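Structure first, then comments.
The values are calculated or read from the model by the stated rules, or taken from the named source; none is laboratory data. Note that this is a predicted model, so its numbers are computed, not measured. Here Cβ is always computed from backbone atoms with ideal geometry, including for glycine, and neighbour counts include all displayed protein chains. Just the protein is used for accessible areas: all its heavy atoms, side chains included, with ligands, DNA and RNA removed. Shrake-Rupley method; radii C 1.70, N 1.55, O 1.52, S 1.80 Å.
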Amino acid sequence: MTQQDPSTLSTHPDPGQVPGTTAEPGPARTIRLRVSAPLCLLGFLAVYLIAVCTPFGQRAENALFSRYGAEPAWIYDWSGAAYDSSALPPLEQTAMPTLLVGIAVIAAVTLVRRCWWRGCAATGIVVVTIGSKELTRMILPRPDLVDARVSLIEASFPSGHVAIPAGLALGAVLVASPRIRPYAIAVGMLWLAVTAGAVLATYHHRPSDVLGSTLLACACYGLAARLLPPADAPGIMRRPRALPAIALALSAAGALVAGARNDSVTQSLVFATAAFLCAALFWFTTAEGPAHTARRTRPARG
């Protein structure tokens, strides 16, 4: 009776394995940080309490508004603030049309893919994000703790302009096919970073406002993803290897250009950092959970 080498035996052959090869042991799972809904809500509360409800936070953010107004912003001509200018969606008068078109696109993708649960969840993300933004702005006061001038007392937390791209982009990610989803994430990150940088550089909002809206939208996405049936929950995505670095680099560049001003390097860097943080929150919120890694193969001996 002949004996066989145990290393060439396999009681459960891998159907995807190339004939004449054997699998090498590799890492069983890869885990990437994912921001959960409770963590986002906790971050939202922390941002509000620190930036809005403390003299330190109010002084720090009020100091970012100089007497030169919005004109020194690089993106001023595309912000809709200039006379007879075209605004980038969803700034100024394009906010409502952008919201309606975005919801229509999500509905169309839902019909084409017939992903009814995902479509309902994606629409819910948009509606709840916008609704919670309106509700929190009404019930969360902005006390005047530092005797600020009148133009700085009005409540602006969280930002409605940032809530629109954050909610729509996260909804689009949820209904997109696994092949398209990585690119939808990259585009959504860039759109969110540019919008956040633009409303900061043109003095429409404070850094806490854009972070608050992003955290609300991310919390809605996390809750929707958890409540979906297992068959409809976001699955593992196959990202092109270079796409994450490209998406983060483009978001950083978009935040830097949209948040830049001619009159202050410090303000430009603060605005760009806050806008990029919004994109980073978007990235980590849409991160997949534990994923099996592909096993390497080598030619079989003998």
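For Leu42 and Leu145, compute 0.36 nm times the residue count separating them, minus their Cα-Cα distance, and round to one decimal in nm.
The Leu42-Leu145 span can extend by a further 34.8 nm.
Express the relative contact order of segment 187-266 as a whole percentage, based on alpha carbon pairs under 8 Å and six or more residues apart in sequence.
Computed value for segment 187-266: 65 percent relative contact order.
Quickly work out the Phe65-to-Ala253 label distance, labels modelled 7 Å from Cα along the C-beta direction, and quote it in nm with one decimal.
According to this spin-label approximation, the distance is 3.3 nm.
Below 15 angstrom from the Cβ of Ala260, what's the summed charge of the other residues (Lys, Arg +1; Asp, Glu -1)?
-2
Report Rg (one decimal) and Dmax (nearest whole number) for segment 34-134, counting Cα atoms only, units Å.
When restricted to the Cα atoms of segment 34-134, Rg and Dmax are 18.6, 53 Å.
In Å², and per residue, what accessible area does segment 133-292 have when probed at 1.4 Å with the other protein chains present? Walk me through the numbers before you get to the answer.
Numbers: 6580 Å² over 160 residues.
Each residue of segment 133-292 exposes 41 Å² on average to a 1.4 Å probe.
Quick one: if you stick a label point 7 Å off each Cα along the C-beta vector at Phe56 and Trp116, how many nm between them?
Placing both labels 7 Å along Cα→Cβ, they lie 5.3 nm apart.
Evaluate E = 1/(1 + (r/R0)^6) for Tyr83 and Glu154, where r is the Cβ-Cβ distance and R0 equals 22 Å; express this FRET efficiency to the nearest 0.05.
0.45
Quick one: accessible surface of Ile153, probe radius 1.4 Å, all protein chains present, in square angstrom to the nearest 10.
60 Å²
Compute the label zone of Val101 within segment 176-204: residues whose backbone N is under 20 Å from the point 7 Å along Cα-to-Cβ.
Under 20 Å, as judged by backbone N against the label point of Val101, lie 176, 184-199 of segment 176-204.
If packing is taken as the mean number of other Cβ atoms within 10 Å per residue, what is the order of 146-152, 173-179, 259-265, highest first?
Ranking, from highest mean packing down: 173-179, 259-265, 146-152.
Using a probe of 1.4 angstrom, how much of the accessible area of segment 81-189 is carbon and sulfur, in percent? Kindly include the intermediate steps, with their values, before the conclusion.
Working: 3800 of 5510 Å².
Within segment 81-189, the accessible surface is 69 percent carbon and sulfur.
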